[in-house]
Amino acid sequence: MLLKTLVKPKERLVTIKEDATLEEALKVLEDSGYRCVPILDETGTIFRGNIYKMHIYRHKSRGGDMSLPVTTLLKNATKFVNINSAFFKVFFSIKDLPYIAVLDERNNFYGILTHTRLLDMLSQSWNVNVGSYVLTVVAPGARGDLEEISKIITKYSSIASVISLDAQEAELVHRIMFTLPAEVDEYRLNRIIAALERKEYRVPEVEDLRAEASGN
């Protein structure tokens, strides 16, 4: 489920009513500095789509009529999610958009979820700001791999976060990324890696988060 705390509510947004002209919409976009904003119906409750600054500029440069309604260049009319949508639907719906419109339980416009906010949330869940190292562990994809790898690591350290990534084509191989907490030093890291490799789990990559943070 999409957390409401991630969504910027409509009361804090710049929006345009569907009866505005392209000229009026362009002024709103230029004044706000946004490259696109939501278009709502006259009541301000129904999401109609988005209007992009670049599309208005293109229309104007070709001698287009700027007194036409903003809906003439409306885009993304079907690009929205519900406040109760599953996270994976949200994640894939926003892929090519600067933001995704969010509707409430009554299908009224609630607000938007931006790409930046989504990435911030993923970054926080990964604990990169409070971790020490991120281990990429390659597992054969057998049942119980995640449990066994976790048990090996927790003999030496707690786990700050874990993300399971792709299975490579033509073979069942999973990459699992473990973030270790800040107190893990290089000595303990090496013991963890050695223990994993004894059980035939490869660790092809180790990222030192503290070195990244310091710019080294």
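For the stretch 73-108, taking the residues that are touching a residue at least 40 places away in the same chain (Cβ under 8 Å) and out of contact with any strand residue (DSSP E or B) (no Cβ under 9 Å at 6 or more places or on another chain), the one that is nearest to D19 (Cα to Cα) is identified as N84. Filtering the stretch 138-151 to residues that are of a type in the set (A, V, I, L, M, F, W, C) and touching a strand residue (DSSP E or B) at 6+ places or on another chain (Cβ under 9 Å) leaves V138, A139, L146, I149.
Of the residues Y156, Y99, Y133, which single one is surrounded by 12 or more Cβ atoms within 10 Å (Cβ to Cβ) and under 20 Å from the mean Cα position of the chain (by Cα)? Residue meeting the stated conditions: Y99. Against the criterion of being touching a Ser or Thr at 6+ places or on another chain (Cβ under 8 Å) and surrounded by 19 or more Cβ atoms within 10 Å (Cβ to Cβ), G44 does not qualify. Given the criteria at pLDDT 90 or above, out of contact with any Asp or Glu (no Cβ under 8 Å at 6 or more places or on another chain) and assigned to a strand (DSSP E or B), does I159 qualify? For I159, the condition - at pLDDT 90 or above, out of contact with any Asp or Glu (no Cβ under 8 Å at 6 or more places or on another chain) and assigned to a strand (DSSP E or B) - is not met.
Is there a residue being within 19 Å of the chain's Cα centre (by Cα) and aliphatic (A, V, I, L, M) anywhere in the stretch 5-16? So far as the stretch 5-16 goes, yes, one or more of its residues are within 19 Å of the chain's Cα centre (by Cα) and aliphatic (A, V, I, L, M).
For the stretch 176-195, the set of residues classified as part of a strand (DSSP E or B) and β-branched (V, I, T) consists of I176, T179, listed by residue number.
Among all residues of the stretch 52-67, there is none that is of a type in the set (A, V, I, L, M, F, W, C), in contact (Cβ under 8 Å) with a residue 12 or more places away in the chain, crowded, with 17+ Cβ neighbours inside 10 Å and not in a helix (DSSP H, G or I).
Candidates G131, G64, G141: the one that is out of contact with any helix residue (DSSP H, G or I) (no Cβ under 7 Å at 6 or more places or on another chain) and closer than 30 Å to R188 by Cα is G141. Output the residues belonging to the stretch 1-51 that are assigned to a helix (DSSP H, G or I) and either closer than 19 Å to S93 by Cβ or not acidic (D, E) (or both). Passing the criteria: K4, T5, L6, K10, R12, L22, A25, L26, K27, V28, L29, S32. Consider the stretch 68-96 and keep the residues that are touching a helix residue (DSSP H, G or I) at 6+ places or on another chain (Cβ under 8 Å) and aliphatic (A, V, I, L, M). The one that is surrounded by the most Cβ atoms within 10 Å (Cβ to Cβ) is V70.
The values are calculated or read from the model by the stated rules, or taken from the named source; none is laboratory data. For clarity, every value in this text was computed on a predicted model and none was experimentally measured. Note: ideal-geometry Cβ built from the backbone for every residue, glycine included; neighbour counts use all protein chains shown.
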